[in-house]
Every structure is written in C-alpha cells, then in structure tokens.
Amino acid sequence: MSAVHAEADGIPQGHFTLPDPSLTRVLEVENLIVDVPGRRLLDGISFWVPKGEFVCLCGPNGAGKSTFLKTVLGLMPPTSGSIRILGKPAQKALRDVGYVPQRKTSDMTFPARSIDLIVASMRGSWPLRIREEERARAIEILRHVGGEKLLEKEIARLSGGETQRVFLARALVNKPSLVILDEPTAGVDVKGRAEFLDLLAEISASDELAAILVTHNLAAVARCAERVVYLDAGRVSAWGLPGELLGQASLSAISAVAGGDHAAHSHHHKLPDEE
Amino acid sequence: MDGWLEPLLVPFMMRAMIAGAVVGGLCAMIGVFVVQRGLSFIGDGLAHAAFGGIALGLLLGVSLERMTWVALPFTVLIALGIGYVLRRGSLRGDVATGVFSAVSFALGVLLLGLRSTDGPQVNVETVLFGSILAISPDDLITVSVVGVVTTLLMAFTWTKLAYATFDPELAALSGVKVAALDYMLLALTAVVIVVAVKTVGIALVSSFVVIPAATAKMVGRSIGRVALLAVAIGVVGSSIGLMLSYYADVASGATIILTLGGMFGLALLFKKK
C-alpha cells in the first residue's frame, strides 16, 4: 500500500492515503454524474476499490450513498461517467457482484425458506425444486456465515441478525469478487449486530473479496474498514485510511446522523455501536 | 348419473361448472401474486374499471354478450395505467387503483346515461352480480381461451415472477425483466377479471382473486405450494358453491363467494403455527 496524494478529477485533494494504483481494481468509478429532473444527485464521483479491500462508504443522509449503490448495481442509469467491475462495464459484470440490501426492501412475509433465497440467487429465478448439488452449495455457504441451522427455516421466522446472515450467504453464493452491503445492520438488535460485525470482519480479512459497506455505524468502520470513502452532497469529500478520516470533523457527523451524541475523534477512542 | 351430481346433466349447469372452475382457478393463480404484492384491492378496482368498458361498448351499440371484447382492451389499458403510476413510485398501489377505478366507474355511469334509449336493454343487476348460469357456449370458448393463454404465460414466467415478487431489486440484479413482468401480471389480472365479471359480477369478483390466495397463504410454506393450494381452493370452492346454490335455489355467485369465505374461516382455525 503506497501513499498517493490525489489529483485526478473528482478525487479530493488532501493528504489521504489512497490504494496502490498497481493493484487489480475490482471496482473503478470515474467522474460519475447522476441527474434526476431538476437535481444532481452525484456530482463527479471517482474512486476505485482494489482486490480484497474492505471500503466503508459513509456520509450524511442525502449525500448520495444509495444513489451510488443503485447506479453501480445498474438499477439507476448514470448521466455520464463510467463504472467498471474487473475492467468490464458494470452492466456486463453483475454476476461478479453480491448484494446485501437493507432489510426493508424484501418481502419477508413471502412463503419461503432460507435455502430458497440462496438457490434463487444461484439460478437467477425462484426455485420450485432444489437439486442435490444446489442444496449442498447452500449448506456450504450457510456454514461459511455460521448459519447452517437456518437452511430450512422460514424467512418470516428469522430474527434480524439471522436474516442478514442468510442475505450475506445469498450474496456470497456465486463467489463474487465484490460484495456490496447497504446498511446491513440497520434495525438489527445489539447481539445480532455484534455477530454480524464479526462476519464482516472476516470478510475484511479476506485477500480475495472486495467489499463496500454503506454504514452510519462507526463501530463497523473501526472494526472492518481498510479504507473509508466519505460522500457529501454527491461528491467524494474524503477518501483514505480510517485513522486519517475518523478524526475529520465531517466524519464525526456520521454519529450525529446515527442519533448518537458521540463524536468520533479517533478510532482509538470508544466508538458508538448504536445506529 | 344420478344423486347429488344430477345437476351436471343439465347443460347450463355443466357450462356454469366448467366456467366457474376455470375462472376460480385462474383468479386464484393470479391472486397469489396480487395478494403477496399487497395489491388485493386491484381486483375490485379493475372490476369497476371493466364497468367503464362495458358502458363504452353499450354506447357503441355492442350487445351485452359481446361486451367482453370492448371491456377487455379498456380494462387492460386501465391496468397498465395503474402499473405505470406504481412504477413511477410516487403513489401507493391502493391510491393508484382507487383513482383509476373510480374514474373508470364514473365514466361508465356517464356513458350509460349518454346512450340511445333505442339500444339494447341492460340489466344492471346482472352486470353487478354476474350470471354464471347464463354462460353461453360462446362464453365458454372465451373462458377456455383466456384460461389456456393465462396458464401458459404464468407457467413460462412463474419462477421469475416469484423472484420479482419477493424482491424486485434482487430479481433485477439477477437479470429478471421486472418491469415487463409487472405489466404482464397487471394485464393478465385485467383479462381474468373481465372474464370473471361475467360469472360472479363486478361486486364479488375481487373475492375470487383474494380469498383463495389468502387462504392458501395461511397454510402453505412455499410459494409453489401456496399457488397449487390456491388454485385447488378456487376450483373446488367454485364447484361446491355452485352445487349448493343449485340445491338451495339461491344466487350462485354469492354462494360461491360464501363457500370460499367458509374455506378461509377453516384455514384461519387450522393455520400453521
């Protein structure tokens, strides 16, 4: 990892340590602009995520985090700029991306078991019958996230923590190069959140899998982030190592947004783990 | 054939039985997705929209027997309009349905008032409450064609439709054409509703869509089983209701719905814990 001081368009000026440019770039975003009628949501975003790096994407509400994720995932069209995944246009490489949505987006009253969700992710369609090899793969990936006993459990009966464990399994089942997690611990109880952070820390330790975690949770940033990208008003206002950003006044706003009274001055300080 | 199956020897009862079973099964099949998506009100809304189509047909001088062919495109257009509003995301499904159906129904009332008094007489009660016992051989052909086309389309798209119902974003990421499926489901719902209006009428048709699916959802543990169960409830409930109405000599559409309501009550008692 080398210290690079940014100069390119859309990359913030300042003494932040950027990833080694010679590393394989799993995600590369260049001058991304997204407009909706009458408003600019993303205003020239540029950064990249190298192989194996765990990036926390932070910023206040309305900064453009969700718009950014939706654009990367092809759910919103960019106005201009480019998004490349492993060198390919994002739309042609979505099989290389695993996605863990916010809990509120899925219909958890849907009559299904955990295994159905995982096999649906493998097939790209809902399974009527599950083949033996699919069951074996579902067991394997659930075991990987510590949720083997959830295989046959109805999704309506999963706790918040169990739900996110199953969604993480479905995101990882196709062996992606990049996993994107959109505030996965929002609304999850304290125990479930702590357990999920343990899982994220394991992903962070991986040299193969890159991850982008959208979070307001400074405990998650301190525990998992190898780098932090801070969005504000549709622009990248800071991009660097957690230690470089956690002292920034702007990042302290995250905890305020999260409803905490705790301003983060350093990642050595006690950090709020409440969202 | 004798005993309690004797009514099936009567041609109009045989036609009613077939039409009721097909329409009951189709509404239930569509209803599984409609109910799961929280759009239960859409059956009622589209039935009211169909009234606008029927009135338009009457104004154009089309006979009540051939009214389906005017009501169909009209109701499908309304359904697609609701879909468009839903996809824009600015209004909830019940609001969009409420606005479109109320406007269509009001248009129907207006058009009925505008038609010439020399035109064919219309029994509004028949339109409101249906006339399954008056199903003609031509109607049966229409019901059968709609049944085959709807079943084939649902069968080909079932696994994608289920995925998009669970989570449209995740389905889209897996390459599912969510928008196209949404519009297809709404258009099919409109087609099935228009055909069903002939059997149970505008006032009761939404029960055909909602009750079997809601009953099956209480019992089934997978979407596949819920769908099979809902279709079985729709077909069996319709057949039992029709037979009961024959022997009790009461309104058939209402008896079918009450039978379905009874099955819902039973499921409520014995639903999965």
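The values are calculated or read from the model by the stated rules, or taken from the named source; none is laboratory data. Every value quoted in this text rests on a predicted model; they were computed, and no experiment measured them. Heads up, the Cβs are rebuilt from the backbone with ideal geometry, glycines too, and the neighbour counts pull from every protein chain shown. When the accessible area is computed, the model is the full protein with side chains, heavy atoms only, and any ligands, DNA or RNA have been set aside. Shrake-Rupley method; radii C 1.70, N 1.55, O 1.52, S 1.80 Å.
Which residues does the label zone of B:Ser136 cover in the stretch B:164-202, counting backbone N under 18 Å from a point 7 Å along Cα→Cβ? Answer for the stretch B:164-202: B:195-201.
Rounded, prolate or oblate: pick one for the stretch B:24-157, where a ≥ b ≥ c are the square roots of the eigenvalues of its C-alpha gyration tensor, a/c under 1.5 means rounded, and failing that, prolate if a/b is larger than b/c, else oblate. Oblate, because a/c is 1.5 or more while a/b does not exceed b/c. Peptide A:115-122 has a mean of 3 when you count, residue by residue, the C-beta atoms of other protein chains within 10 Å of its C-beta.
The relative contact order of the stretch B:79-213, computed from alpha carbon pairs under 8 Å that lie at least 6 residues apart in sequence, is 37 percent. Ordered by 1.4 Å accessible area with all protein chains kept, B:Trp69, B:Trp158, A:Trp126, B:Trp4 run largest first as B:Trp4, B:Trp69, B:Trp158, A:Trp126.
Taking amide H atoms as placed 1.01 Å from N in the peptide plane, the amide H of A:Gly59 lies under 5 Å from those of A:Leu231, each 5 or more residues away in sequence or on another chain. Ranked from largest to smallest solvent-accessible area, with a 1.4 Å probe on the protein heavy atoms, B:Met14, B:Met184 come out as B:Met14, B:Met184.
Across every direction, the projection of the convex hull enclosing the Cα atoms of the protein assembly as shown has a mean area of 29.3 nm². Taking amide hydrogens as placed 1.01 Å from N in the peptide plane, the amide H of A:Ala238 sits under 5 Å from those of A:Tyr230, each at least 5 positions away in sequence or on another chain.
Please give the peptides B:86-92, A:26-32 ranked by average Cβ packing (other Cβ atoms within 10 Å per residue), highest first, as a rough proxy for protection.
Numbers: B:86-92: 12.3, A:26-32: 21.9.
The packing order, highest mean first, is A:26-32, B:86-92.
Counting only protein chain heavy atoms and rolling a 1.4 Å probe, the accessible areas of B:His48, A:His144, A:His216 rank, largest first, as A:His144, B:His48, A:His216. B:Val76 contributes about 30 Å² of solvent-accessible surface, heavy atoms of the protein only, 1.4 Å probe.
Can you pull out the trypsin sites (Lys or Arg not before Pro) in the stretch A:71-129 that DSSP calls coil and that have at most 13 other Cβ atoms within 10 Å?
On the way: sites: A:Arg84, A:Lys92, A:Arg95, A:Arg103, A:Lys104, A:Arg113, A:Arg123, A:Arg129; in loops: A:Arg129.
Qualifying residues, ordered by number: A:Arg129.
Rounded to the nearest 500, the 222 nm mean residue ellipticity of the protein assembly as shown from helices alone is -17500 deg cm²/dmol, with -39,500 (n - 2.57) taken per DSSP H run of at least 4 residues. Most simply put, the protein assembly as shown has about 55% antiparallel DSSP beta bridges, counting only bridges with both residues inside it.
Here is the list for the stretch A:130-197: GluC sites (Glu not before Pro) lying in DSSP coil, each with at most 16 other C-beta atoms within 10 angstrom of its C-beta, are A:Glu152.
With each label modelled as a point 7 angstrom along the Cα→C-beta vector, the A:Ile139-A:Ser159 pair spans 2.5 nm.
What's the average, rounded to a whole number, of partner chain beta-carbon atoms within 10 Å of each residue's beta-carbon in B:156-165?
Mean partner-chain Cβ count within 10 Å for B:156-165: 4.
Check chain B and count each lysine pair with an alpha-carbon distance under 13 angstrom, considering only pairs eight or more places apart or from different chains. Present the calculation step by step, with values, prior to reporting the outcome.
Details: B:Lys160/B:Lys177; B:Lys217/B:Lys271; B:Lys217/B:Lys272; B:Lys217/B:Lys273.
The number of close lysine pairs in chain B is 4.
Within 10 Å of each Cβ of B:171-178, how many other protein chain Cβ atoms are there on average? List each step's numbers first, then the result.
Working: counts 4, 4, 13, 11, 5, 4, 0, 1.
Across the residues of B:171-178, the mean count of other-chain Cβ atoms within 10 Å is 5.
Pairs of Cα atoms nearer than 8 Å and 6+ residues apart set the relative contact order; for chain B it is 32 percent. Taking all protein chains into account, the per residue accessible area for the stretch B:3-270 stands at 42 Å² (1.4 Å probe). Its Cα gyration tensor gives chain B an equivalent ellipsoid. The semi-axes, each the square root of 5 times an eigenvalue, are 28, 26, 15 Å from largest down.
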